Amino acid sequence: MKALKILIIEFLLVILLKIFINSSLIQYIPECIVYKYLNIYCPSCGGTRCIRNILQGNFIQAFKDHSIFFITIIYLLLFNIIYLINLNKKEKILTFIYPKYYYVIIFAILITIYTIMRNIY
């Protein structure tokens with residue numbers, strides 16, 4: 001029952017996000033201040049375009065816009081599905097995918113390297 005409630009809430013949030021992105025409200029999202037004033041990409045530049053392309057089904061373009069962000073969204077989606085499956089099971093499956101502290105360290109290192117590389121090339 002708890003898993004169903006979580007799933008319904010997440011489904012509604014995705015629908016609301018899709019409505020927002022496909023509406024004219026997306027024009028009110030501010031520009032990246034770092035790119036605007038320093039002319040360099042920050043770690044999150046391209047994230048909004050990535051989400052918009054994912055919701056429109058353009059997965060290749062979403063990956064091109066921000067590949068780390070795209071991979072993170074896929075990871076969080078898989079984690080969420082496994083968590084919902086394990087919520088009502090006695091014997092848990094695929095628990096290695098659950099977040100650990102060193103995942104955050106690895107993510108920080110990857111996003112730093114990615115940001116440096118995209119500003120060099």
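The values are calculated or read from the model by the stated rules, or taken from the named source; none is laboratory data. Treat the numbers as computed from the prediction; the structure is a model and nothing was measured. Positions of Cβ are generated from backbone atoms using ideal geometry, with glycine treated the same way; all protein chains shown enter the neighbour counts.
On the basis of being exposed (fewer than 14 other Cβ atoms within 10 Å of the Cβ) and either among the polar types (S, T, N, Q) or within 24 Å of LYS5 (Cα to Cα) (or both), does ILE105 make the cut? When the stated conditions are applied, ILE105 does not pass them. Screening ILE40, ILE54 for residues that are of a type in the set (Val, Ile, Thr) and assigned to a loop (DSSP other than H, G, I, E, B) leaves exactly one candidate, ILE40.
Of all the numbered requirements in (1) within 15 Å of the chain's Cα centre (by Cα); (2) surrounded by 14 or more Cβ atoms within 10 Å (Cβ to Cβ); (3) at pLDDT 90 or above; (4) not charged (D, E, K, R), THR115 misses one, and that requirement is (1).
Among the residues that make up the range 75-93, is at least one of them closer than 24 Å to PHE20 by Cα, part of a helix (DSSP H, G or I) and either aromatic (Phe, Trp, Tyr) or touching a strand residue (DSSP E or B) at 6+ places or on another chain (Cβ under 9 Å) (or both)? The answer is yes; a qualifying residue exists. Filter the range 29-62 down to the residues that are modelled with pLDDT of 85 or more, surrounded by fewer than 18 Cβ atoms within 10 Å (Cβ to Cβ) and aliphatic (A, V, I, L, M), then identify the one that is nearest to THR112 (Cα to Cα). The extreme case among them is ILE40. Of the residues making up the range 26-45, those that are free of Cβ contacts under 8 Å to residues at least 40 places away in the same chain, within 19 Å of THR72 (Cβ to Cβ) and aromatic (Phe, Trp, Tyr) number 0. Looking only at residues in the range 64-102 that are surrounded by 13 or more Cβ atoms within 10 Å (Cβ to Cβ) and more than 18 Å from the chain's Cα centre (by Cα), the one that is farthest from LEU7 (Cα to Cα) is LEU94.
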